[in-house]
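Here is the structure we will look at, set down as structure tokens.
The values are calculated or read from the model by the stated rules, or taken from the named source; none is laboratory data. Small disclaimer: the values here were computed from a predicted structure and weren't measured. As a convention, Cβ positions derive from the backbone with ideal geometry for all residues, glycine included, and neighbour counts pool all protein chains shown.
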Number of protein chains: 2
Amino acid sequence: MKIQQMIKQNQLGLLFQQGSFGLEKESQRVYADGSIVTTAHPSLFGNRSYHPYIQTDFAESQLELITPPNKKLGDTYRWLSAIHEVVQRSLPDDEYIFPLSMPAGLPAEQHIQVAQLDNPEDVAYREYLVKVYGKNKQMVSGIHYNFQLSPELISTLFSLQNTYQSAVDFQNDLYLKMAKNFLRYQWVLLYLFAATPTVEENYFSGVSPLKAGEYVRSLRSSRYGYVNDPEIKVSFDSVQQYVDTLEHWVANGKLIAEKEFYSNVRLRGAKKARELLQNGIQYLEFRLFDLNPFEAYGISLADAKFIHLFALLMIWLEDTADQEAVELGKARLAEVAFEHPLDKTAYAEEGELLLLEMLAMLEQIGAPSELNSIVKEKLSQFADPTQTIGGRLFYAIEQAGGYQQLGAQLAQQYKAQAFERFYALSAFDNMELSTQALLFDLIQKGIQTEILDEHDQFLCLKHGEHIEYVKNGNMTSHDSYISPLIMENKVVTKKVLQKAGFNVPQSREFTSVEQAVANYALFEHRAVVIKPKSTNYGLGITIFQQGVQNREDFTKAVEIAFREDKEIMVEDYLVGTEYRFFVLGNETLAVLLRVPANVIGDGEHTVAELVAMKNEHPLRGDGSRTPLKKIALGEIEQLQLKEQGLTIDAIPMEGQRVQLRANSNISTGGDSIDMTDQMHDSYKQIAVGITQAMGAAVCGVDLIIPDLNQPAQQNLSSWGVIEANFNPMMMMHIFPYAGKSRRLTQQVIKMLFPELQ
Amino acid sequence: MKIQQMIKQNQLGLLFQQGSFGLEKESQRVYADGSIVTTAHPSLFGNRSYHPYIQTDFAESQLELITPPNKKLGDTYRWLSAIHEVVQRSLPDDEYIFPLSMPAGLPAEQHIQVAQLDNPEDVAYREYLVKVYGKNKQMVSGIHYNFQLSPELISTLFSLQNTYQSAVDFQNDLYLKMAKNFLRYQWVLLYLFAATPTVEENYFSGVSPLKAGEYVRSLRSSRYGYVNDPEIKVSFDSVQQYVDTLEHWVANGKLIAEKEFYSNVRLRGAKKARELLQNGIQYLEFRLFDLNPFEAYGISLADAKFIHLFALLMIWLEDTADQEAVELGKARLAEVAFEHPLDKTAYAEEGELLLLEMLAMLEQIGAPSELNSIVKEKLSQFADPTQTIGGRLFYAIEQAGGYQQLGAQLAQQYKAQAFERFYALSAFDNMELSTQALLFDLIQKGIQTEILDEHDQFLCLKHGEHIEYVKNGNMTSHDSYISPLIMENKVVTKKVLQKAGFNVPQSREFTSVEQAVANYALFEHRAVVIKPKSTNYGLGITIFQQGVQNREDFTKAVEIAFREDKEIMVEDYLVGTEYRFFVLGNETLAVLLRVPANVIGDGEHTVAELVAMKNEHPLRGDGSRTPLKKIALGEIEQLQLKEQGLTIDAIPMEGQRVQLRANSNISTGGDSIDMTDQMHDSYKQIAVGITQAMGAAVCGVDLIIPDLNQPAQQNLSSWGVIEANFNPMMMMHIFPYAGKSRRLTQQVIKMLFPELQ
């Protein structure tokens, strides 16, 4: 297969670099000291019978984190990051993710519990493995790397050659070339990435093969790792032979199932190997990689890119390894695995030549220079083994005082990092916080999620055959189209709510003093606010909180308003406090009070200092990448201070409440205070009713209520509705400044997928 | 009741002028000669058991058109107009609406069929009336005018007085004052509006009381009209006495039911008079008015305004008529009714004084000057009876050669007028045509409709307890909110449709020639169009209709595109014709072909002349107030002509197709051609599938299809979807330039109200 020539001649370089990537990463849950937990897989992670992202591998303690496949490796890495953040934040307080492949602090064998999966066959398989390999070996973790070439590349290459008649045969041989060459040269990756130099002594059933203080490159890839009996040889010469030999070992009972074949390359695309004959190989799974303890997610993006290039090189090479070469490759792997991590490898020359060929390939396919740097750096590690992951790990273990100590230290460090911006999902930080929160819950509960348009916050969710689309965190198929149209139109909203019998404040507009006064009778004894139609800093506003008492006062207020505008409004004035009700379906899930930006004096600090202190709150930031916004000290705030006889340098008394804004918006530094439990139930019912009158599934209802303890009554002095919002903010409820957090995004998922318990 | 003083002192003038108005208008369906039809009530008008707008009165031939109540008289009048247009356009071709109150061309009594209502009691009541009054009297038609004072006025007046303790008593006496004074002075309205000077001879059971050639003011208000036995007197002194006396006449069998009491004023607000005692009078019904034959809708808006002022005057007056005065009023009515229409009335002085008082009232309440003019014009008619409606009618009958002839003439004229802009609903012409079409169907079928926001095309529909909202004619609760959000985002739309397995053309963007060419392999042998991202007059576009054949051609096309923009697109090119599929629910209701603006030569006329002739088409106009747009002859059209070697002065050959636009938009003069019946069903099913994949109830799907006769196949050369629209235009389907009309608005109603058959 002259792939290299075809790509060069037909300028297929860009297409050659395209593909699809998926990562699977195993790791042990451990306690703070690095010892493996004996607790069950956290129930927060939903059901393992379908969870696409968070599974268990062999043991109940052994997490398996799985990214969806992506066309960009960077996206796959974002998913790996996101799944990690979800897991880290969902673990019990005293549990951590162990960052090394070989276990430390193993419990006694009888306390290692195999994964308690629903399917009895899955459990039985694990029990069988225990018998054959012992439990300890099964506790080893690693990273599996799935790679698919661009189908367009394959069909283009196929159309450019004339050796093969069958497209499936061509595709199979292409992947087999990659697989065989990979097995031939895999030791290179082992040399660069190996990170299992040692393990605790009681890992071995008998006496440790390692002398005290002896280190190797990779125990995991040695015969002490999780490998098959060396007698088990499977041919990669053709798919037919692969299937035949694999089935042979299963038939004679040396393997209990095909999946017990632990090759560092697996041919993928079918449940049963035999199906590959028909479907063809769809992608390869590379299973060689130890966890990189220096990376929070077990692998760096640069290394993932290098592995991609390595896989490409395997088909770029002129030759295809035959069975003999494959066995040579395996032998070298075993040899290199047992080298000391600080020793130069015996095969450095072959490794360097291979990477030089890789550099030449990059040149030919027009790869970005960044990849060139990555490869050059790896190349240099053949001369300097201390720069390999294994080399660095050697020193790190010495420094930490032991293998388990290092693992424990790093485990704690990575967990702390995952909590730094606990309200965000770092990998998707360019999306809105509410969509990040939803993504968090989707990953946690195991709903298959595809981001259709990142900029537009558009997700496609899937569970079984059930598909739902979500935009902006809570805009879904459950809302009827007419609802947002109603809510967008204030006039229509008022009419609809009024028809449905809710307390809606009335307002009338007037274009002359005479006209307004002619309607005086309408407002007598009524609490109203008179204001210019376009208000400016509250100028021209008069509030008759106790009701209009006489025509003279009314006329005066009208005249004052007309000084500011050609049109004025006389509106029902609602006495009370504004609360935001977040309604989903038949329930008010959260009630929030928004308080204008403020600080409370302590008799010691200046206003400016108090603001700075309050702004230290972890939820406060720019207000878009954080749930709350820092309080500013601009013109408006200083004007507000002035009205209270204060400046930013004043020192308010202890307990003195200093207001920095008139408006209560969170976006101007306001506080969000959860009041869900305090609010009388009757108002919650009203908010639900308003939502239903709008035909909405999700709605943010703003009610003015004078006394949240009194049951609601059918008049404007008990309560009034001032607005209904069809895409209500969720973050202020999920992460309030004070009061209980209401995880609304979980309720959105429940609404969309009621079949999930 | 010193209403006048209270209004003056408290400046309640504006409030006094507010109220609520409803009109009911009876009229006979007639043939072209003015003779009454013997056909059944048209089934197009749906079910009379609930129809709020179109009912039958006594006879099956007697339409009763009912407006909903409105706060503005102008709106009530618009409804009256709209209902008329609907009825006129829905009548069989040979039927008309008779514009006069007294019937002409009466069938023999046995051929007059009483209204065939569902409720047997309703039919029995009519049979009873036949016995008591005979059929002919029941065939008389008129207008009933419902008027409610502003409830805020009443409660304000109540709070300003201290005679009454009970608000209901106060309200009742206010309306009773209006009723009694109305009965006292009703002759004034009769004098001005009377329009039943004669009737055909066989109307009378015996000998006609009118000598040959004798005319009176109002036969209808005389004892030959539809009036009770003079012995039946009902007291308006109080609600209690009203109820007692009315029940008395029913109890002793002189009236079969309360509704047989044909007073020119009815107290309204309860099914049974007795209920008024508790609820109070809610409004009054004035039943005095003959149809004005000079108005297409039986009454002019100015006259309706005058009647409103007259009703107000009745409570403005210092005195309240007592029972004696009421009887005096009735007597005068009878007297004036029998005066000759050209004679000065005997009570001209009283009439003039009353209208002078009305003018004084207008001054006091600050009424707009327009009302002043209306009253002054009426005032002048006391000196000049020829200007009254009756006076004008006298001359018109003479001129037409008879009563029936005049009626027939006007009936035909009004029907023709109703068809002038048959695609519109004149009264709601400020709304979109599609909403006008929907309103037409709603009125026809009898769905209670409220216009929530005219500017925003927002309707509230109601049938029984079932409420639906509609915006822009087809945006409803049946669409899920996520559907328009998907359709708004082209990237998401493509992904969703692709996932669902539909043929979606692919497109890729490139920012350099090198990058594009590096991807050449993707496009080889594929039909694509290469174009700058922002296209300008089609510059820089290359189409490879037969597929890209070689790298050189491709590179050249890419370079040409890059001359016009910094970014280019390579898109799948779909060979074929674009069709618009209008899908509602599970069905493609219409398929439309849009053809670019064009004319067909006749070997005689110039292009400019051909365009002018084509623009005469009744559907063509400005394109917003008409379904189609006139073809322009601007720069773009002339450029298009030039490309065909033509100018606007060229004379194309007979049958020569001259294209005036490259694009097929209706908004640039294109033709709309219905292809629903021609289109192969498989494509209609695909359009339905696309709609469902979007979760939409209503969707406009644009497909490119090379051959509409061939069944659809699963590849882009058979068909491709290029767009899905969530608020698809309906007018082009309802009123296509050629082909069958598809009344989509009716289907929207069926979707919203499946309970209607």
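Here are a few things to note about the model shown:
- Among residues of the stretch A:523-565, those that are acidic (Asp, Glu), over 17 Å from residue A:507 (Cα atoms) and in a loop (DSSP other than H, G, I, E, B), counted: 1
- On the stretch given as the stretch B:287-322, residues that are among the acidic types (Asp, Glu) and in a helix (DSSP H, G or I) total 1.
- For the stretch A:92-102, the condition of being polar (S, T, N, Q) and either free of Cβ contacts under 8 Å to residues at least 40 places away in the same chain or surrounded by fewer than 19 Cβ atoms within 10 Å (Cβ to Cβ) (or both) holds for none of the residues.
- Residue within the stretch B:427-450 that is within 10 Å of chain A (Cβ to nearest Cβ) and surrounded by fewer than 22 Cβ atoms within 10 Å (Cβ to Cβ) present: yes
- Yes/no for residue A:497 being assigned to a loop (DSSP other than H, G, I, E, B), out of contact with any Phe, Trp or Tyr (no Cβ under 7 Å at 6 or more places or on another chain) and either closer than 30 Å to residue A:689 by Cα or within 10 Å of chain B (Cβ to nearest Cβ) (or both): no
- Unique match (being of a type outside the set (A, V, I, L, M, F, W, C), under 30 Å from residue B:75 (Cβ atoms) and surrounded by fewer than 22 Cβ atoms within 10 Å (Cβ to Cβ)) among B:253, B:298, B:269, B:225: B:269
- Answer residue from the stretch A:187-213, given it is among the hydroxyl-bearing types (Ser, Thr, Tyr) and buried (at least 22 other Cβ atoms within 10 Å of the Cβ) and is nearest to residue A:328 (Cα to Cα) among those: A:191
- Residues in the stretch B:639-648 include none that are within 34 Å of the chain's Cα centre (by Cα), free of Cβ contacts under 8 Å to residues at least 40 places away in the same chain, in a loop (DSSP other than H, G, I, E, B) and surrounded by 16 or more Cβ atoms within 10 Å (Cβ to Cβ).
- Selection of the stretch B:228-250 for residues being outside any loop (DSSP other than H, G, I, E, B) and surrounded by 19 or more Cβ atoms within 10 Å (Cβ to Cβ) yields B:239, B:242, B:243, B:246, B:249.
- Taking each residue of the stretch A:692-705 that is more than 14 Å from chain B (Cβ to nearest Cβ) and looking for partners that are of a type in the set (Lys, Arg) and outside any loop (DSSP other than H, G, I, E, B) with beta-carbon atoms closer than 9 Å, six or more apart or interchain, yields A:700/A:580; A:701/A:580; A:702/A:580; A:703/A:580.
- Checking the stated criteria, residue A:625 turns out not to satisfy the condition of being over 36 Å from the mean Cα position of the chain (by Cα), within 28 Å of residue A:581 (Cβ to Cβ) and surrounded by fewer than 17 Cβ atoms within 10 Å (Cβ to Cβ).
- Screening the candidates B:528, B:513 for the property of being more than 8 Å from chain A (Cβ to nearest Cβ), within 15 Å of residue B:571 (Cβ to Cβ) and of a type in the set (Val, Ile, Thr) yields one hit, B:528.
- Qualifying residues in the stretch B:451-463 (those that are at the interface with chain A (Cβ under 7 Å from one of its Cβ atoms) and touching a residue at least 12 places away in the same chain (Cβ under 8 Å)) - the one surrounded by the fewest Cβ atoms within 10 Å (Cβ to Cβ): B:456
- Contact map, the stretch A:149-167: first residue at the interface with chain B (Cβ under 9 Å from one of its Cβ atoms), second residue part of a loop (DSSP other than H, G, I, E, B), Cβ cut-off under 7 Å, separation 6 or more or different chains; pairs are A:153/A:12; A:153/A:18; A:156/A:12; A:160/A:10.
Residues are listed down the side, and each one gets a yes or a no for (1) modelled with pLDDT of 95 or more; (2) within 30 Å of the chain's Cα centre (by Cα); (3) part of a strand (DSSP E or B); (4) of a type in the set (A, V, I, L, M, F, W, C):
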{"position": "A:408", "(1), (2), (3), (4)": "yes, yes, no, yes"}
{"position": "A:449", "(1), (2), (3), (4)": "yes, yes, yes, no"}
{"position": "A:455", "(1), (2), (3), (4)": "no, yes, no, no"}
{"position": "A:483", "(1), (2), (3), (4)": "no, no, no, no"}
{"position": "A:486", "(1), (2), (3), (4)": "no, no, no, yes"}
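- Restricting the stretch B:674-696 to residues that are of a type in the set (Gly, Ala, Ser) and in a helix (DSSP H, G or I), the residue that is modelled with the lowest pLDDT is B:693.
- Annotation note: Cβ proximity below 8 Å between a residue of the stretch A:26-37 that is touching a residue at least 12 places away in the same chain (Cβ under 8 Å) and a residue that is small (Gly, Ala, Ser) and surrounded by fewer than 21 Cβ atoms within 10 Å (Cβ to Cβ) (sequence gap 6+ or interchain) occurs for A:30/A:105; A:31/A:105; A:33/A:105; A:34/A:105; A:35/A:105; A:36/A:105.
- When B:81, B:101, B:35, B:43 are screened for being in contact with a strand residue (DSSP E or B) (Cβ under 7 Å, 6 or more places away or on another chain) and either over 30 Å from residue A:522 (Cα atoms) or of a type in the set (A, V, I, L, M) (or both), only B:101 passes.
- Candidates A:570, A:583 - the one that is more than 29 Å from residue A:474 (Cβ to Cβ) and touching a helix residue (DSSP H, G or I) at 6+ places or on another chain (Cβ under 7 Å): A:570
- Total residues in the stretch B:259-277 satisfying the condition of being under 33 Å from the mean Cα position of the chain (by Cα) and not in a loop (DSSP other than H, G, I, E, B): the figure is 6.
- Elements of type helices (runs of 4 or more DSSP H) contained in the stretch A:1-106, each with 3 or more residues being more than 14 Å from chain B (Cβ to nearest Cβ): A:73-90
- Positions within the stretch A:464-481 being within 8 Å of chain B (Cβ to nearest Cβ) and assigned to a loop (DSSP other than H, G, I, E, B), in sequence order: A:476, A:477, A:478, A:479, A:481
- Applying the set (1) touching a residue at least 24 places away in the same chain (Cβ under 8 Å); (2) at the interface with chain B (Cβ under 8 Å from one of its Cβ atoms); (3) surrounded by fewer than 21 Cβ atoms within 10 Å (Cβ to Cβ) to residue A:484 leaves exactly one unmet item: (3).
- Breaking point among (1) within 46 Å of the chain's Cα centre (by Cα); (2) within 11 Å of chain A (Cβ to nearest Cβ), for residue B:519: (1)
- Filtering the stretch B:323-369 to residues that are small (Gly, Ala, Ser), away from chain A (no Cβ under 14 Å), over 21 Å from residue B:388 (Cβ atoms) and in contact (Cβ under 8 Å) with a residue 12 or more places away in the chain leaves only B:325.
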